Amino acid sequence: MALPGTLDSSSPHYNVEMRQEGVTRSPYKLFAIVIIILACFFVPQCATAQQIAGRQSSGKPQETDAAKLASVQLATPAPPPHAFWDRTNIALFCGIAFTRGMDYASTRNFQARGRQEILLPDDVVNNSAGFASLEAAATMTSIGISYLLHRTGHHTLERWMSIGHIGVTAFGDVRNYSLESRHLAGRP
C-alpha cells in the first residue's frame, strides 16, 4: 500500500522509465513520415514560372508582347530583400523558442497530473535531457527552414512558416494546460 501523497510503483508517473506491455510500434509509421516530409520538400512545383503566350492570330509581331513584359518588369521593381537576422525574424524566432519552452513545461505539468503524452514515445518524454533536446532541435529546425526559404527568395513564406509554428505550438500549450487531471486511485 502506498503512502498518501506518493505514487504506487505500478502506476505510470513522471520521469520513470516506462514500458508498455503488449504495445507494438509499426516500423512503417516512421517510413511513412519520412516519405511525406521528403515529398513536401523535394517534389518539384508544377508552375515555377508563368510565360506569356504569343498571339499567333492577331498578326502583331512577337516583339510587342516581349516589349510589354519588359516595360511591366521595369515599372515594378522588386523590393530589396531583407537581412535574415532582422528585427522581425529575431522576434519570430524568440517566439518559437518561448512556445517550445512552454511546450516542455506544459507537457511536464500534465504528466505530473496523471496524463500521458500521446504524440511522442515515453522514452523521449520521460527523459528530461532528451525531451529538452528535442524541443531545442525543433526550434533550430524551424530557424533552418526559415533560412532556406530566405535564401531561395521566399520571404513571405519565411515569415509565415515561423508564425504558423508559433500558432500550432501555442495551441498545443493551451491544450496541455487545459486538460483535466486524472487522479490516480488511492491518492487523496
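Just so it is clear, none of the values below were taken in a lab; they were calculated from the coordinates. All of these numbers come straight from a predicted model, not from anything done at the bench. When we count neighbours, we look across all protein chains shown, and the Cβ atoms used for this are built from the backbone with ideal geometry, even at glycine.
Plainly put, the range 83-182 has a radius of gyration that is 1.04 times its Kirkwood radius, both from alpha-carbon atoms, as the Rg/Rh ratio. Hey, rough spin-label estimate for Y177 and I145, points 7 angstrom out along Cα→Cβ, what's it come to in nanometres? Those two pseudo-labels are separated by 2.5 nm. Derived scalar couplings between HN and Hα for the range 98-105 equal 5, 5, 5, x, 5, 5, 4, 5 Hz in order, rounded to whole Hz, by the Karplus curve 6.51 cos²θ - 1.76 cosθ + 1.60 (θ = phi - 60°), x for Gly and Pro. Placing dummy labels 7 Å off each Cα toward the beta-carbon, the span from V34 to W160 is 3.1 nm.
State whether the range 123-188 is rounded, prolate or oblate according to the following rule on the C-alpha gyration tensor (a ≥ b ≥ c being the square roots of its eigenvalues): a/c under 1.5 gives rounded; otherwise a/b larger than b/c gives prolate, and the remaining case gives oblate. Since a/c reaches 1.5 but b/c is at least a/b, the shape of the range 123-188 is classed as oblate.
Taking other Cβ atoms within 10 Å as a rough exposure proxy, M102, M140 sort from fewest to most as M140, M102.
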